[in-house]
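Just below is one structure, and these are the notes that go with it.
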Amino acid sequence: MSFDEIYARYVDSVYSFLKFRLNDDYLIEEILQETFIAVYRSLDRLASVQSVKAWILGIAHHKMVDILRRNKYEEVAFDQNMLVEEFSTDLTLKEILSQLDPAGATIIYGLYVEQLSCQELAEMLEIPVGTVKSKAYNARAKLRNWLKGVEQ
Amino acid sequence: MKQECGMNANDYSDLALGYIQGRLSPQEKQQVFQLIMANPEFRELMRVELQLTSAFARLKATPPQSVKHRVYLRVLEAKREEISPDLARAILTPILNYSLPKCVSRIMTYCQRSV
């Protein structure tokens, strides 16, 4: 797969993930750029990658964490309450997302929006599959309760 | 939910979500059909997963065309500015060999080999 094909296929997913985690368009663009420069430099590793999407989202995730630390932002600087407001008028959804820790929110995002498996999420976040599963379990329990509340 | 051996609540949610997202093998699909027919709790789980999928679909954002284009151009620029390691070696080696004393060159060759 050429770099141009990779860019065309995955730029939307990376942008969407960053938009989910951050509320700063300038920063999102900077991380998007850094991510794809890193992808270009690591193209020789592509053959050994199991899931290209998880690999690229993992690069974006680590770039984001690095840049937030380098710029001395708080790691939880992303305000889910604000960012969800742009996509959804459902106030309770943003409430429940704000109750999840950043990793839990990323896992839920990966499962439901990017359709990643637990294995892919483990590769992306570089954590054990068991941790992904337990975080997914806890987050889903909160989501189910939220849904019950919405329906009542 | 009455659980089949080896499966926990998370596995059932994964199965339901996998079905909704069209990621299941024929055998897993068969398992889902059987669960839907036999298990009202699994049917409820399917309903919940469908609602969550639909709620989260709203979080998908698309970059403006201008951002896509700008970032692509910047990556191309970074690619152009990058010098290949082979070219760098071809340029630097004669310069270093000429400008450094012989003993330093030997040390550098030794270091390169050990790396």
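The values are calculated or read from the model by the stated rules, or taken from the named source; none is laboratory data. Bear in mind that the values here come from a model prediction, so they are computed numbers and not experimental data. Here Cβ is always computed from backbone atoms with ideal geometry, including for glycine, and neighbour counts include all displayed protein chains.
Across region A:35-52, which residue is nearest to the other protein chains (Cβ to nearest Cβ) among those that are surrounded by 19 or more Cβ atoms within 10 Å (Cβ to Cβ) and within 16 Å of the chain's Cα centre (by Cα)? Looking at residues that are surrounded by 19 or more Cβ atoms within 10 Å (Cβ to Cβ) and within 16 Å of the chain's Cα centre (by Cα), I get A:36. Taken as a whole, the structure leaves residue A:113 outside the set of residues that are touching a helix residue (DSSP H, G or I) at 6+ places or on another chain (Cβ under 6 Å) and surrounded by fewer than 17 Cβ atoms within 10 Å (Cβ to Cβ). Within region B:77-95, being facing chain A (nearest Cβ under 9 Å) and assigned to a helix (DSSP H, G or I) holds for B:78, B:79. If we scan region B:21-29, do we find a residue that is within 11 Å of chain A (Cβ to nearest Cβ), over 22 Å from the mean Cα position of the chain (by Cα) and part of a helix (DSSP H, G or I)? No; the residues of region B:21-29 include none that is within 11 Å of chain A (Cβ to nearest Cβ), over 22 Å from the mean Cα position of the chain (by Cα) and part of a helix (DSSP H, G or I).
Yes or no, residue by residue, for (1) in contact with a strand residue (DSSP E or B) (Cβ under 8 Å, 6 or more places away or on another chain); (2) of a type in the set (Val, Ile, Thr); (3) more than 30 Å from residue A:39 (Cβ to Cβ):
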position: B:23; (1), (2), (3): no, no, no
position: B:44; (1), (2), (3): no, no, yes
position: B:62; (1), (2), (3): no, yes, no
position: B:66; (1), (2), (3): no, no, no
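What residue, among those in region B:62-74 that are surrounded by fewer than 18 Cβ atoms within 10 Å (Cβ to Cβ) and outside any helix (DSSP H, G or I), is nearest to the other protein chains (Cβ to nearest Cβ)? Among residues in region B:62-74 that are surrounded by fewer than 18 Cβ atoms within 10 Å (Cβ to Cβ) and outside any helix (DSSP H, G or I), the one nearest to the other protein chains (Cβ to nearest Cβ) is B:62.
Over 23 Å from residue A:134 (Cα atoms), surrounded by 15 or more Cβ atoms within 10 Å (Cβ to Cβ) and without any contact (Cβ under 8 Å) to a residue 40 or more places away in the chain - does that describe any residue in region B:8-28? Checked region B:8-28: no residue is over 23 Å from residue A:134 (Cα atoms), surrounded by 15 or more Cβ atoms within 10 Å (Cβ to Cβ) and without any contact (Cβ under 8 Å) to a residue 40 or more places away in the chain.
Inspect region A:25-32 for any residue being under 27 Å from residue A:118 (Cβ atoms) and more than 9 Å from chain B (Cβ to nearest Cβ) and give the result as yes or no. Scanning region A:25-32, I find at least one residue that is under 27 Å from residue A:118 (Cβ atoms) and more than 9 Å from chain B (Cβ to nearest Cβ), so the answer is yes. Based on what the data block shows, is residue A:5 out of contact with any helix residue (DSSP H, G or I) (no Cβ under 9 Å at 6 or more places or on another chain), at pLDDT 90 or above and closer than 19 Å to residue B:72 by Cβ? Yes. The test for being within 11 Å of chain B (Cβ to nearest Cβ), at pLDDT below 90 and surrounded by 15 or more Cβ atoms within 10 Å (Cβ to Cβ) holds for residue A:96.
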